[in-house]
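> One structure, as structure tokens, below. Some questions next.
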Amino acid sequence: MDSRVPNQNSLVSVNNLSFSRGDKKIFDDISLEFERGKITAIMGPSGTGKTTLLKLIGGQLCPDQGSISVDGQNVHRLSRSNLYNLRKRIGMLFQSGALLTDMNVYDNVAFPLREHTHLPEPMIRTLVLMKLQAVGLRGARNLMPNELSGGMARRVALARAIALDPMMILYDEPFTGQDPISMGALTHLIKALNNTLGLTSIIVSHDVHETSAIADYIYVLSEGKIAGQGTPAEIQKSDSEWVQQFMTGAADGPVHFHYPAADYVDDLLSSTKSYGRVSKRYGRISR
Amino acid sequence: MIQSIQHLGKITRGSFTKLGRGTIFLLHTLPGLINLLPRPRLLLNQLYSIGVLSFLIITISGLFVGMVLGLQGYNILSDFGAEETLGVMVAASLVRELGPVVSALLFAGRAGSALTAEIGLMKATEQLAGMEMMAVDPIKRIVSPRFLAGLLSMPLLAALFSMVGIIGGQIVGVGLLGVDDGAYWSQMQAKLDFQDDIVNGVIKSIVFGFVATWIALFEGYDCIPTSEGVSRATTRTVVNSAFSILGLDFILTALMFGDN
């Protein structure tokens, strides 16, 4: 993979990235490219550091080795103000939505506009209503975050993420814990926003079906390495057993159903054996 | 033996590291105060939730502390036939010590714990991380206004506490126990010094407000972002604030009143 030609059309490139938490290696020398205007998905089982990758791209964490560049800028070499300027062009959708709980829906969507622009209030109102209309929640503008369902909260967060018209949106597990209807709504929204606004989208997810339906390119991560990559169709046909198990959701395969343990029969019998040992020992004592 | 020394070393190092992180946090907070100038609304909201919402507990506690002072003071002073000086005793104890100290302890319990829980929950629900990704510095946007609000509220609350306390002392001393009303107020007026008593009390309350707000904000910002972490941080806020307030009170008292 190192012989890869740098892609001129990629918005984000991750080069030879390594990152560890404590002793645990989360990424081990991986390289990924995210193309402009495309939806790229990062998939993998829970705990493979998918969210960590988004935090690295957003500059919230620093890699141990390697570099990440977004739109030609090395994220971790930027000064604080330049990093903040870059972040204004990146929207991020958190798993929880991360809406500000002390503001209603309208103010949440208006938040980035009020913080970063000096637009007059009527114009902010127009923009907010446009963004809310795009996610279908214009009527919910006066609700507080605790009155929203999970799917609605995520759609509000999406409206907030596109408030500043970013060039890229990072989605952290957008489908997790959604009912089929909101799942469908979100899938549709992500695809539609990406195409109509000309965004670049990075989706981190383990929902195989929804993600394959909208992604242009998929990376499958496993244990800090890239286990497979390609278009959804290529991934489906991947000859890697690991990728096959992940995509089909088979309970057993290269990833075992059982946590590593001693042989089952031995383990069950060992309890009687240990009783045996005890009795033997007693026997020895009595002898 | 060696192990316990090691343990002691670990604790010491841990607390100094935390102090260091707390100081860095404070240094990040202070520049954010300038950003409040064009946006007074942020400060006003916090003045309400930190200051105004502490109003009730401070007033009621102040009233009762003053009433108890009136009662106890009368019992002792009447043994010496000095009931007339009750006003001085009540006012001096309140303005010098009880006003700043007790109101700061109440402040840490009411406003401090609320601040820690609020910021801790914002951290746990990714609101702070979300702000950072929206290129909004959470320290400037969230922490600085709360810090200034705490700093401004505390001296006012302490003054309110002392004032209500003096009225409480008067209700019991003059109203119930029959101390002369004129003596209560005039003795107070004659004996209490503006510089020595009132200004020193205000200085104390400013220091306590600074420390209590700082601890509350830092504990919230530094907490482990889980529900358990937030609840622990809230407890630590109250405990650490109480220690710091009482310890600092001794030092300040020694500096202010030590030589007379």
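The values are calculated or read from the model by the stated rules, or taken from the named source; none is laboratory data. Since the model is a prediction, treat every value here as computed from it, not as a measurement. Cβ atoms come from the backbone with ideal geometry, glycine included; neighbour counts cover every protein chain shown. Side chains included, ligands, DNA and RNA excluded: accessible areas come from the protein's heavy atoms. Shrake-Rupley method; radii C 1.70, N 1.55, O 1.52, S 1.80 Å.
> Taking each residue of B:122-132 in turn, how many C-beta atoms of other protein chains fall within 10 Å of its C-beta, and what is the average? If you can, show how the numbers build up before the last one.
Numbers: counts 4, 0, 1, 8, 8, 9, 1, 7, 13, 5, 8.
Counting Cβ atoms of other protein chains within 10 Å of each residue's Cβ and averaging gives 6.
> For segment A:186-265, I need the span (max minus min coordinate) of the C-alpha atoms along each principal axis, in Å, sorted largest to smallest.
Taking the Cα atoms of segment A:186-265, the three principal extents are 59, 23, 21 Å.
> Continuing with the same structure: With N residues in the protein assembly as shown, what two-decimal value do you get for its Cα radius of gyration over 2.2 N^0.38 Å? Write down the numbers at each step before the final one.
Details: Rg = 31.4 Å, N = 547, 2.2 N^0.38 = 24.1 Å.
In units of the 2.2 N^0.38 Å rule of thumb, it is 1.30.
> May I ask for the net charge around A:Leu189, where only other residues with Cβ less than 10 Å from the Cβ of A:Leu189 are counted and Lys, Arg are +1 while Asp, Glu are -1? Mind dumping the intermediate values first?
Working: positive: A:Arg154, A:Arg155, A:Lys191; negative: none.
Net of charged neighbours comes to +3.
> As an exercise, use a Förster radius of 30 Å and the Cβ-Cβ distance of A:Ala192 and A:Ala250 to find the FRET efficiency, rounded to the nearest 0.05.
Values: r = 33 Å, r/R0 = 1.09.
Plugging the Cβ-Cβ distance into 1/(1 + (r/R0)^6) gives 0.35.
> Pairs of alpha-carbon atoms within less than 8 angstrom and 6+ residues apart define the contacts here; what relative contact order does chain B have, in percent? Show your work: numbers first, answer last.
Values: 335 pairs, mean separation 82.8, N = 260.
Computed value for chain B: 32 percent relative contact order.
> Sort B:Leu156, A:Leu148 from largest to smallest accessible area, using a 1.4 Å probe on the heavy atoms of the protein chains.
Solvent-accessible surface, decreasing: B:Leu156, A:Leu148.
> Another question about this same structure. If one puts a single equal scatterer on every Cα of segment B:45-196 and applies the Debye formula without solvent, what log₁₀ I(q)/I(0) results at q = 0.10, 0.12, 0.21 Å⁻¹?
The computed values of log10 I(q)/I(0) come out as -0.46, -0.59, -1.16.
> By how many degrees, 0 to 90 and rounded to 10, does the Cα axis of helix A:121-134 deviate from the longest principal axis of chain A?
Helix A:121-134 sits at roughly 50 degrees to that axis.
> Of the residues B:Val174, B:Val136, B:Val207, which exhibits the maximal mean-square fluctuation in a Gaussian network model of chain B defined by a 10 Å Cα contact cut-off?
B:Val136
> Separate question: Could you tally the net charge around B:Ser144, taking each other residue with its Cβ under 13 Å from the Cβ of B:Ser144, Lys/Arg +1 and Asp/Glu -1?
On the way: positive: B:Arg39, B:Lys140, B:Arg141, B:Arg146; negative: B:Asp137.
Residues close to B:Ser144 contribute a combined charge of +3.
> While we're here: In segment B:46-118, which chymotrypsin sites (Phe, Trp or Tyr not before Pro) are in a loop and have at most 11 other Cβ atoms within 10 Å, using DSSP for the loop call? If you can, show how the numbers build up before the last one.
Working: sites: B:Tyr48, B:Phe55, B:Phe64, B:Tyr74, B:Phe80, B:Phe107; in loops: B:Phe80.
When the chymotrypsin sites (Phe, Trp or Tyr not before Pro) of segment B:46-118 are filtered for loop state and at most 11 Cβ neighbours within 10 Å, B:Phe80 remain.
> Quick one: helix A:180-197 against the long Cα principal axis of chain A, what's the angle to the nearest 10°, folded into 0 to 90?
Result, in degrees: 50.
> Order A:Ile214, B:Ile60 by their accessible area, 1.4 angstrom probe, all chains in place, largest first.
Numbers: A:Ile214 10, B:Ile60 80 Å².
Largest to smallest exposure gives the sequence B:Ile60, A:Ile214.
> About the Cα centre of chain A, how large is the charge dipole given +1 on each Lys and Arg Cβ and -1 on each Asp and Glu Cβ? Please answer in debye to the nearest 20. Walk me through the numbers before you get to the answer.
On the way: 30 positive and 28 negative charges, 164 e Å.
It works out to roughly 780 debye.
> Now a separate question. Going by a ≥ b ≥ c, the root eigenvalues of the Cα gyration tensor, does segment A:8-83 fall in the rounded group (a/c under 1.5), the prolate group (a/b larger than b/c) or the oblate group?
Numbers: a/c = 1.83, a/b = 1.19, b/c = 1.54.
Oblate, because a/c is 1.5 or more while a/b does not exceed b/c.
> Next question. Which of A:Ala110, A:Ala233, A:Ala163 ends up with the largest GNM mean-square fluctuation for chain A, with Cα atoms connected below 10 Å?
Its mean-square fluctuation being the largest, the pick is A:Ala233.
> Could you state, as a whole-number percent, how many of the C-alpha pairs of segment B:1-91 are farther apart than 20 Å? Walk me through the numbers on the way to the answer.
On the way: 2865 of 4095 pairs.
More than 20 Å apart: 70 percent of the Cα pairs in segment B:1-91.
> For a quick check of your reading of the filter: which GluC sites (Glu not before Pro) in segment B:100-184 sit in a DSSP loop and have no more than 15 other Cβ atoms within 10 Å?
On the way: sites: B:Glu118, B:Glu126, B:Glu132; in loops: B:Glu126.
Sparse-neighbourhood loop GluC sites (Glu not before Pro): none present.
> Please work out the C-alpha center-to-center distance from segment A:156-181 to segment B:66-97 and express it in whole Å.
Cα centres, segment A:156-181 to segment B:66-97: 65 Å.
> Taking the Cα centre as origin and putting +1 on Lys and Arg beta-carbons and -1 on Asp and Glu beta-carbons, what dipole magnitude results for segment B:139-260, to the nearest 20 debye?
On the way: 7 positive and 10 negative charges, 127 e Å.
The dipole of segment B:139-260 has a size of about 620 debye.
> Treating only the Cβ of Lys, Arg, Asp and Glu as charged (+1, +1, -1, -1), what charge dipole size does segment A:148-244 show about its Cα centre? Round to the nearest 20 debye.
Values: 6 positive and 11 negative charges, 71 e Å.
So the magnitude is around 340 debye.
> Quick one: net charge of B:Gln46's neighbours, Cβ under 12 Å, K/R +1, D/E -1?
Working: positive: B:Arg39, B:Arg41, B:Arg141, B:Arg146; negative: A:Asp102, B:Glu118.
Taking every Cβ under 12 Å from that of B:Gln46, the sum is +2.
> Could you tell me the extents of chain B's C-alpha atoms along the three principal axes, largest first, rounded to whole Å?
Largest to smallest, the principal-axis extents are 67, 57, 32 Å.
> Students sometimes get this wrong: rank A:Leu193, B:Leu248 by accessible area, probe 1.4 Å, all chains present, largest first. Could the numbers behind the result be given before it?
On the way: A:Leu193 10, B:Leu248 50 Å².
Ranked list, largest accessible area first: B:Leu248, A:Leu193.
> What Kirkwood radius, in Å to one decimal, follows from the Cα pairs of chain A? Could the numbers behind the result be given before it?
Details: mean 1/r = 0.0470 Å⁻¹.
Result for chain A, one decimal place: 21.3 Å.
> Now a separate question. Taking square-rooted eigenvalues a ≥ b ≥ c of the alpha carbon gyration tensor, is segment B:103-145 rounded, prolate or oblate, where a/c under 1.5 means rounded and, failing that, a/b exceeding b/c means prolate? Could the numbers behind the result be given before it?
Numbers: a/c = 6.28, a/b = 2.15, b/c = 2.91.
It is oblate, given that a/c is not under 1.5 and a/b is not larger than b/c.
> With θ set to phi - 60°, apply the Karplus curve 6.51 cos²θ - 1.76 cosθ + 1.60 along segment B:174-184 and write out the HN-Hα couplings as whole Hz, x wherever there is a Gly or Pro.
With coefficients 6.51, -1.76 and 1.60, one gets 7, x, 9, 9, x, 5, 5, 4, x, 5, 3 Hz.
> In Å² (nearest 100), what accessible area is buried between A and B, both sides summed, heavy protein atoms only, 1.4 Å probe? Don't skip to the end; give the middle numbers.
Numbers: alone 15450 and 13710 Å², together 27420 Å².
Approximately 1700 Å², summed over both chains.
> Provide a list, ordered by number, of residues in segment A:82-103 showing at least 50 Å² less accessible area with every protein chain present than when their chain is taken on its own, using a 1.4 Å probe.
Checking the loss per residue gives A:Tyr84, A:Arg87, A:Phe94, A:Leu100.
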